[in-house]
Amino acid sequence: MTAELVRGQNHPLSQSRLEIRISAGTPVAAAAALSDENGRIHGTEWVAHPGAPVQPGLEVSRQAAADHRLAVDLDAVTEAVHRVSVLLALPAANGGAGPARFGAVAAPFVAVTGLDGTEVASYTITGLDLESAVVALELYRRQGAWKVRAVGQGYAGGLAELFADQGLSEAAQLAAGIDEAVARGLARSVQAPPPRTSEGDRSRQAAAPAVGPDQGAAPQGAPGPVPPAYGGQPAGGQGQGGPQPAYGGATGPHASAGGGPVNYSHPRRQTSAPPPPPPAAPPAQPGQPTRPVAGDATGWSMEERLYNQVWGMFEDLARTAAAYRSAVDFAESRMDKELEQALSDPRSRIGGQGDAAREAARARYTQLVDQARASLDRDVAQLVAESEVVEPALPPAFARWDNPCWHAYRVPMEIPMALRLGDLRLPEAESIRIPMLLRLPLERGLWIDSGRTDSLDGSFTDSHDMRRLAMDTAVAHAARLLAVYPAGEFTVHVVDPAGSGAQALAPLTQTGVLAGPPAQGAAGVTEMLARLTQRVDLVQMALRGGAPDALPPGFDTSQQLLIVNDFPHGFDDRAVNQLRYLVDEGPSVGVHLMMVADREESAGYGPLLDPLWRALLRLTPVPDDHLADPWVGHAWTYEPPAVPHGSEVLRTVLTQVAEARRTWNR
């Protein structure tokens, strides 16, 4: 699980051999410095840099580049080394042709990974301005174990100021040597090719991701906050996603590919008049917090207000939990320091004076933690009160399956802003669940992980149960997608090679909402994938040719979803490549994938399928703490949407969808 760090936050390291991956929007020089417990560098031989790229336990890049991979072996560094700092510097700060300050470039992204590529922790270095050198992060010893801390300390004076701050007497000479080595490397580098013209650019142009908390969860291995969290999409989110979650968009002037300004306005948003004011909160009693009201966020419609309010609650919970964790960490480090000082004096180790000092340190720790907990409980209580008024007011697309709004369901006439995929919660606030909303239309596929796992309640779910639960979850997601789209604007296909998902698929097959019977056997898989692949090719050719109305007569222009069960059984190499093609190219032309699969069962393909899994938003059929947000790096527990036991709401809704589709097709 990846920990997305913020400045000052730390994370334990369970491996000694690591790789530091650096991604920046411009060439940067990367270095690594060894220092003692006080953060002092004892000599130039304690720094690995482009002029001396190999030191004990370290290996860095030999020249400036926008992407770096630094090798670290913590077992190989000497006992005198207590910190390994990762340093970045702009070559332009020393007479180069590029930018001279980090404030003029995209925020650098640094990730700590294992040798197998598994990401352990990541950090996006924000808030830089005039600085031309920065300590990105540091690996440090603490009580015999290694941890990583996000630092983000910048220096306007470049590497010379950075090294001087770390106690190196030869700081200026070393900085000059690094400058010379970087200049030599840049002189040997190949110039970047000129940008392609619009006529010669045949690359796929992805739609700009929506900015929202659904795009926060970042997919594993993706550089920088994307989108959800989860979205990622991050913000979600979903754009990947974020983390694709985000409330703050990019700042500064923007231009489209053609040079004109980008129109960021909502396509359905009225601009002729301001939106009506949100509902007013009833007056609060003296000394009491304001009573929450559903829809009191900003927005041009009640749907948009509720969407913004839900993710405002998400941000509030993320911040208050981060503050609590930070306070506990501070209290713990303060107690450790006070205990260390008490034990460092031999005269106070034994006797009443030492015992009193230790008791006082523990008492201060308890007091700080209790204060932090009280503040957290107060904020959570306010969020619970807000949730109690917001949850019943949510429209069907945002609501749980047990919400009474489904009893009055009617097939909508417009596509909603977002779709609820489940709930999110944190261990510090078990009393509140935040709806996980994914922006529509989909910008990436979904992966329902049917692999074996230990459930959070301690019970073990075997492989058979996981496959059944995964298909039930996939059907619930597909049913909600069908329910929130207007009639005829969303089509679902199913590939079930062995027919093992027949029972779970019954609500879809028996109500007649599928485009056709589930494809079975190798021949069925081949035919279905060939048809959808051809569809992607046709739409792409029409769009690139500027003739979207040139599609064949009767061509179905609705959004398409393919549910794939029991992968990789029944899939040959050609079918696997077609799946990857649909994942990469399909979302841009309205073809989406929902995989119900156990990744371990496809391990025989090796790294061939790694891009496929990374491109999909991973969801689980049981509660699992695997989603992260890019703000504070919380590992959120995801809870799948559960249809109440014995409820007929799914079939009732799907029956209305099928009837509306038949009426629309007449």
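Of everything listed in (1) touching a Ser or Thr at 6+ places or on another chain (Cβ under 6 Å); (2) at pLDDT 90 or above; (3) open to solvent by less than 10 Å² (accessible area, probe 1.4 Å), the single unmet condition for Leu609 is (2). Of everything listed in (1) in a loop (DSSP other than H, G, I, E, B); (2) closer than 30 Å to Arg580 by Cα, the single unmet condition for Ile448 is (1). Annotation note: of Ser463, Ser459, Ser455, the sole residue that is in contact with a strand residue (DSSP E or B) (Cβ under 6 Å, 6 or more places away or on another chain), modelled with pLDDT under 85 and open to solvent by 10 Å² or more (accessible area, probe 1.4 Å) is Ser455.
Condition check ((1) in contact with a helix residue (DSSP H, G or I) (Cβ under 8 Å, 6 or more places away or on another chain); (2) at positive phi; (3) assigned to a loop (DSSP other than H, G, I, E, B)) across all residues:
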site	(1), (2), (3)
Ile434	yes, no, no
Leu469	no, no, no
Asp472	no, no, no
Ala476	yes, no, no
Arg480	no, no, no
Ala483	yes, no, no
Pro486	no, no, yes
Thr491	no, no, no
Leu529	yes, no, no
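Within the range 35-49, the set of residues being open to solvent by 10 Å² or more (accessible area, probe 1.4 Å) and of a type outside the set (Val, Ile, Thr) comprises Asp36, Glu37, Asn38, Gly39, Arg40, His42, Glu45, Trp46, His49.
Among the residues of the range 636-665, those identified as open to solvent by less than 30 Å² (accessible area, probe 1.4 Å) and either assigned to a strand (DSSP E or B) or of a type in the set (A, V, I, L, M, F, W, C) (or both) are Trp636, Thr637, Tyr638, Val649, Leu650, Val653, Leu654, Val657, Ala658, Ala660.
Answer yes if at least one residue in the range 391-409 is open to solvent by 40 Å² or more (accessible area, probe 1.4 Å) and more than 30 Å from Ala476 (Cβ to Cβ), and no otherwise. No, the range 391-409 contains no residue that is open to solvent by 40 Å² or more (accessible area, probe 1.4 Å) and more than 30 Å from Ala476 (Cβ to Cβ).
Can you tell me which residue within the range 162-175, out of those that are surrounded by fewer than 22 Cβ atoms within 10 Å (Cβ to Cβ) and under 39 Å from the mean Cα position of the chain (by Cα), is nearest to Leu34 (Cα to Cα)? Checked the range 162-175; the qualifying residue nearest to Leu34 (Cα to Cα) is Gln166.
In the range 550-586, of all residues being in a strand (DSSP E or B) and open to solvent by 20 Å² or more (accessible area, probe 1.4 Å), the one that is farthest from Pro517 (Cα to Cα) corresponds to Gln559. Determine whether Gly103 is out of contact with any helix residue (DSSP H, G or I) (no Cβ under 6 Å at 6 or more places or on another chain), on the phi > 0 side of the Ramachandran plot and surrounded by fewer than 20 Cβ atoms within 10 Å (Cβ to Cβ). No. On inspection, Pro108 qualifies as touching a helix residue (DSSP H, G or I) at 6+ places or on another chain (Cβ under 9 Å), modelled with pLDDT of 90 or more and closer than 25 Å to Ala176 by Cβ. Just to be sure, is Val84 within 17 Å of His11 (Cβ to Cβ), β-branched (Val, Ile, Thr), more than 25 Å from the chain's Cα centre (by Cα) and modelled with pLDDT of 90 or more? Criteria met by Val84. When Val148 is tested against the conditions (1) open to solvent by 10 Å² or more (accessible area, probe 1.4 Å); (2) in a strand (DSSP E or B); (3) not hydroxyl-bearing (Ser, Thr, Tyr), the lone failure is (1). When the residues of the range 1-24 are filtered to those that are aliphatic (A, V, I, L, M) and part of a loop (DSSP other than H, G, I, E, B), the one that is most open to solvent (accessible area, probe 1.4 Å) is Met1.
Scanning the range 523-549 for residues that are at pLDDT 90 or above, open to solvent by 50 Å² or more (accessible area, probe 1.4 Å) and either touching a Phe, Trp or Tyr at 6+ places or on another chain (Cβ under 7 Å) or of a type outside the set (Asp, Glu) (or both) returns Ala523, Thr526, Arg531, Gln534, Leu538.
Checking every residue in the range 260-278 against the condition of being touching an Asp or Glu at 6+ places or on another chain (Cβ under 7 Å), assigned to a loop (DSSP other than H, G, I, E, B) and at pLDDT below 75 gives at least one match.
Once the range 299-323 is narrowed to residues that are over 21 Å from Tyr638 (Cα atoms) and part of a helix (DSSP H, G or I), the residue that is most open to solvent (accessible area, probe 1.4 Å) is Met302. For the range 506-514, indicate whether the set of residues that are open to solvent by 80 Å² or more (accessible area, probe 1.4 Å) and either more than 23 Å from Leu482 (Cβ to Cβ) or part of a loop (DSSP other than H, G, I, E, B) (or both) is non-empty. The answer is no, given that none of the residues of the range 506-514 is open to solvent by 80 Å² or more (accessible area, probe 1.4 Å) and either more than 23 Å from Leu482 (Cβ to Cβ) or part of a loop (DSSP other than H, G, I, E, B) (or both). If you take the residues of the range 125-145 that are part of a strand (DSSP E or B) and open to solvent by 30 Å² or more (accessible area, probe 1.4 Å), which of them is modelled with the lowest pLDDT? Top of the filtered list is Arg142.
For the structure I just gave you, tell me whether Ala52 is modelled with pLDDT under 90 and either of a type in the set (Val, Ile, Thr) or under 20 Å from the mean Cα position of the chain (by Cα) (or both). So Ala52 fails the test.
Conditions (1) assigned to a strand (DSSP E or B); (2) closer than 27 Å to Glu45 by Cα; (3) open to solvent by 50 Å² or more (accessible area, probe 1.4 Å); (4) basic (Lys, Arg), marked per residue:
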{"site": "Ser61", "(1), (2), (3), (4)": "no, yes, no, no"}
{"site": "Asp67", "(1), (2), (3), (4)": "yes, yes, yes, no"}
{"site": "Ser85", "(1), (2), (3), (4)": "yes, yes, no, no"}
{"site": "Pro99", "(1), (2), (3), (4)": "no, no, no, no"}
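The values are calculated or read from the model by the stated rules, or taken from the named source; none is laboratory data. Note that the structure is predicted; figures quoted are calculated from it, not measured. All Cβ positions, glycine included, derive from the backbone under ideal geometry; neighbour counts span all protein chains shown. Remember, those area values only see protein heavy atoms, side chains included, never the ligands or the DNA or RNA. Shrake-Rupley method; radii C 1.70, N 1.55, O 1.52, S 1.80 Å.
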